[in-house]
1. Taking the range A:178-195, which residues are more than 14 Å from A:Gly59 (Cα to Cα) and crowded, with 19+ Cβ neighbours inside 10 Å?
2. Of everything in the range A:55-98, what is within 14 Å of another protein chain (Cβ to nearest Cβ), charged (D, E, K, R) and surrounded by fewer than 20 Cβ atoms within 10 Å (Cβ to Cβ)? Give them in sequence order.
3. Would you confirm, using the coordinates I've provided, whether A:Leu198 is surrounded by 20 or more Cβ atoms within 10 Å (Cβ to Cβ) and either over 22 Å from the mean Cα position of the chain (by Cα) or not β-branched (Val, Ile, Thr) (or both)?
4. Counting just the residues of the range B:134-171 that are at the interface with another protein chain (Cβ under 8 Å from one of its Cβ atoms) and more than 30 Å from A:Val98 (Cβ to Cβ), which one comes out surrounded by the most Cβ atoms within 10 Å (Cβ to Cβ)?
5. Only one of these conditions is not met by B:Gln127: (1) free of Cβ contacts under 8 Å to residues at least 60 places away in the same chain; (2) closer than 17 Å to A:Met130 by Cα. Which number is it?
6. Please go through (1) aromatic (Phe, Trp, Tyr); (2) within 14 Å of another protein chain (Cβ to nearest Cβ); (3) crowded, with 22+ Cβ neighbours inside 10 Å for A:Phe52 and return the number of the only condition it doesn't satisfy.
7. Spot the failing condition for B:Asn156; the list is (1) closer than 26 Å to A:Arg133 by Cβ; (2) part of a helix (DSSP H, G or I), and only one is missed.
8. Suppose we filter the range B:93-109 for residues that are free of Cβ contacts under 8 Å to residues at least 24 places away in the same chain and either surrounded by 15 or more Cβ atoms within 10 Å (Cβ to Cβ) or more than 10 Å from chain A (Cβ to nearest Cβ) (or both); how many remain?
Amino acid sequence: MLSNSRPCQPQSAGFSFENTRRNAVLEGNLSELGYSSPKARKTGTTIAGIVFKDGVILGADTRATDDMVVADKNCMKIHYIAPNIYCCGAGVAADAEVTTQMMSSNVELHSLSTGRPPLVVTVTRQLKQMLFRYQGHIGSSLIVGGVDVTGAHLYSVYPHGSYDKLPFLTMGSGAGAAISIFEDRYRPNMELEEAKKLVRDAITAGIFCDLGSGSNVDLCVITQAGVQYLRGYDQPAQKGKREGQYKYKPGTTAVLTKTVTPLPLDVVDESIQLMDTQ
Amino acid sequence: MYLTYAKNKSEAESLNRSWRSKQSETGGKDGTGRAVANTRGLRSQLKDSVPVTGMGPQVGAYGVQDTLRSGFSSVKNELLPSHVLELSEKNFQLNQDKMNFSNLRNIQGLHAPLKLQMEYRAARQIQRLPFLQSSHLALDTLKGNDESISFEDILNDPAQSEMMGEPHIMVEYKLGMM
């Protein structure tokens, strides 16, 4: 709708706040009647990142929740930003998705303009400036990791725009469970297999100890040589197989006695009713 | 002292007002950690123009509130912004430009922002009639918007909006006849 408060001026692009009042009134009416308005789908996640000897490993679980219901059992939370930079997203699923797509486009344009491969700090800076501009209303927490000409870097960005640069990071609802594994077993300059196992264990801790995380573990190994995206690296939450058979073979129980009592029935009345089969 | 050139008096007034509201805006957080956009009182939160009932754009054919087109009305609705981000988003580009020009003036001297603003003014005039969509290619290139993608490019693209402005009114407004 053309904004009625400014019929003389052309419409502006970007976010439009015309319907916020109407939405607030609608939500107020709904809550009076006892219903609740639909919530945005969150990812309810465990995401983790670690810097090892040759580069960066990012890990994530694959469950997306809609309040208390699992909306997607196998979603991808590790998003592509540049050939050497990947980003894990937690928080509101749509916000994380659109934010990372915008960052990917911006970084591509920027690297075309400068003529150099992108740096991880570029992505982090643009992300935090955008998230701060919207004051936390864009609810996406992100872990950005990659290997560029200056080395391997790992940053985490919070929805309000703050960021951290650390050798190991976790975010999402299962962050507490995952960070405990990291705090216990992280050492600087680990080997590839040991680091993969560590991230796998951290995400598995999030999957088992947090209700919002579940299904599989995805890993993304980024080194100077290239990127290895291991989707479905581990599936710890599979349904278990039954160990034994609980059916009894016929003849397991011995028959001791057998009595047969016939029931004699006499015909009392006989009548014929015609059915209408037309 | 920061100089700016405005197209006409109303634009100068709105620039002054947004500059003053920017001065009083803190963008801080309150005790519970929620972001508070304006903490310096009601004045900085008021919208730019205070409408008068019976004369504003909400008035329909019979001189009363046109509820179908413009929704429910209340004085509070029309005076205060409906969302925390509404004012800050409206003035965002303006404030960014001010900050950048001020930096440029401090670094390179007064000529630098003056020249740039002259170029912006010239590039802004390259457009179609106000009710038609213009690409603003020259202005975008000058500002550097051709090398970045933000929500202005993804959401609510005016080129694809379903409503067109009333041509006569928009041209009159543009020429300052309204």
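1. Correct list: A:Met190 only.
2. The answer is A:Glu97, and nothing else.
3. Criteria met by A:Leu198.
4. Filtering the range B:134-171 for residues that are at the interface with another protein chain (Cβ under 8 Å from one of its Cβ atoms) and more than 30 Å from A:Val98 (Cβ to Cβ), the one surrounded by the most Cβ atoms within 10 Å (Cβ to Cβ) comes out as B:Met170.
5. (2)
6. Single failed check for A:Phe52: (2).
7. With respect to (1) closer than 26 Å to A:Arg133 by Cβ; (2) part of a helix (DSSP H, G or I), B:Asn156 is out only on (2).
8. 9
The values are calculated or read from the model by the stated rules, or taken from the named source; none is laboratory data. Please read all numbers here as calculations on a predicted model, not as lab measurements. Neighbour counts are summed over all protein chains in view; Cβ atoms, including those assigned to glycine, are modelled from backbone coordinates with ideal geometry.
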